[in-house]
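> One structure is given below, represented as structure tokens, and several questions about it will come after.
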Amino acid sequence: MFLILFLIFVLIPVVELSVLIRVGEILGTWTTIGLVLFTAVLGVSLVRSQGLSTLMQVQQKLARGEAPGQEIVEGMMLAMAGVLLVIPGFVTDFIGLLLLTPLTRRPIAALVFKRMQLRVVSGLQGGMHGGFGSHADRQSNPFDQSPFEQHKHSEGNVYEGDFEHKTDANDAHKLVDKEAESKEPKV
């Protein structure tokens with residue numbers, strides 16, 4: 001985790017600055033600033049159009065009764081692409097364009113979706129073989145416990161029982177009389 005945070009907050013900005021300085025030396029300051037602004041505006045408009053296209057694919061799959069897993073992953077990648085394209089710099093713009101272009105986004109999304117499915121399946125299999133279903137987990141997860149186990153491990157007194165609401169004949173007559181009085185016209 002530390003390595004990922006180090007890359008995001010230290011290494012990427014240093015690389016971006018060095019590339020921006022090098023491009024600024026070659027093309028000039030104003031041309032470089034113009035290119036950075038142009039890629040941000042172009043990226044936002046492309047993210048919008050690709051996002052609408054992906055949303056329509058999700059709706060079509062839902063209408064057919066299919067799960068739109070890969071399209072949801074593509075939508076997350078489009079959101080990441082939008083953030084990367086708005087950040088000033090050419091390296092983040094390049095990565096954002098890779099995530100934005102359908103030619104590269106779809107295979108990456110398929111790979112990410114397949115890895116997500118493998119993690120879910122392996123997690124479920126671990127639950128069947130004692131990984132998630134061990135006794136310690138049953139004590140800590142109230143959804144996996146029977147009502148008896150929940151009461152056995154809870155603190156304090158727990159009383160189970162049934163109740164029945166009973167009215168005697170006098171109470172029933174009083175209710176009928178009150179309803180009749182309320183319906184009578186008042187003079």
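The values are calculated or read from the model by the stated rules, or taken from the named source; none is laboratory data. Please read these numbers as outputs of a predicted model, since none were measured by experiment. Here the Cβ positions follow ideal geometry from the backbone for every residue, glycine too, while neighbour counts run over all protein chains shown.
> When you scan the stretch 1-23, do you find a residue that is of a type in the set (D, E, K, R), under 29 Å from MET116 (Cβ atoms) and at pLDDT 85 or above, even just one?
Within the stretch 1-23, the first condition is being of a type in the set (D, E, K, R), and the residues that meet it are 16, 22.
Imposing the further condition that a residue be under 29 Å from MET116 (Cβ atoms) reduces the set to none.
No.
> Sort through PHE113, PHE90 and tell me the only one that's in contact with a helix residue (DSSP H, G or I) (Cβ under 7 Å, 6 or more places away or on another chain), surrounded by fewer than 20 Cβ atoms within 10 Å (Cβ to Cβ) and more than 29 Å from SER18 (Cα to Cα).
One residue alone meets the criteria, PHE113.
> All but one of (1) among the hydrophobic types (A, V, I, L, M, F, W, C); (2) closer than 30 Å to LEU20 by Cα; (3) crowded, with 17+ Cβ neighbours inside 10 Å hold for VAL73; which doesn't?
Checking VAL73 against (1) among the hydrophobic types (A, V, I, L, M, F, W, C); (2) closer than 30 Å to LEU20 by Cα; (3) crowded, with 17+ Cβ neighbours inside 10 Å, the one that fails is (2).
> Looking only at the stretch 62-116, count every residue that is within 30 Å of THR29 (Cα to Cα) and of a type in the set (Ser, Thr, Tyr) and tell me the total.
Qualifying residue count, the stretch 62-116: 2.
> I'd like to check something: does the stretch 33-41 contain any residue that is free of Cβ contacts under 8 Å to residues at least 24 places away in the same chain, surrounded by 12 or more Cβ atoms within 10 Å (Cβ to Cβ) and farther than 25 Å from PRO102 by Cα?
Yes, some residue in the stretch 33-41 is free of Cβ contacts under 8 Å to residues at least 24 places away in the same chain, surrounded by 12 or more Cβ atoms within 10 Å (Cβ to Cβ) and farther than 25 Å from PRO102 by Cα.
> Could you tell me whether the stretch 77-84 includes any residue that is in contact with a Lys or Arg (Cβ under 9 Å, 6 or more places away or on another chain), of a type outside the set (A, V, I, L, M, F, W, C) and closer than 27 Å to ARG115 by Cα?
Taking every residue of the stretch 77-84 in turn, at least one turns out to be in contact with a Lys or Arg (Cβ under 9 Å, 6 or more places away or on another chain), of a type outside the set (A, V, I, L, M, F, W, C) and closer than 27 Å to ARG115 by Cα.
> Related question: Of everything in the stretch 49-63, what is surrounded by 14 or more Cβ atoms within 10 Å (Cβ to Cβ), more than 14 Å from MET77 (Cα to Cα) and more than 18 Å from the chain's Cα centre (by Cα)? Give them in sequence order.
Matches in the stretch 49-63: GLN57, LYS61.
> Give, as residue ranges, the helices (runs of 4 or more DSSP H) completely inside the stretch 1-104 that count at least 1 residues that are in contact with a Ser or Thr (Cβ under 8 Å, 6 or more places away or on another chain) and of a type in the set (Phe, Trp, Tyr).
In the stretch 1-104, the matching helices (runs of 4 or more DSSP H) lie at 90-100.
> Among (1) within 26 Å of PHE9 (Cα to Cα); (2) of a type outside the set (D, E, K, R); (3) surrounded by fewer than 17 Cβ atoms within 10 Å (Cβ to Cβ), where does PRO107 come up short?
(1)
> Take the residues in the stretch 61-118 that are within 26 Å of LEU7 (Cβ to Cβ) and charged (D, E, K, R); name whichever of them is modelled with the highest pLDDT.
ASP93
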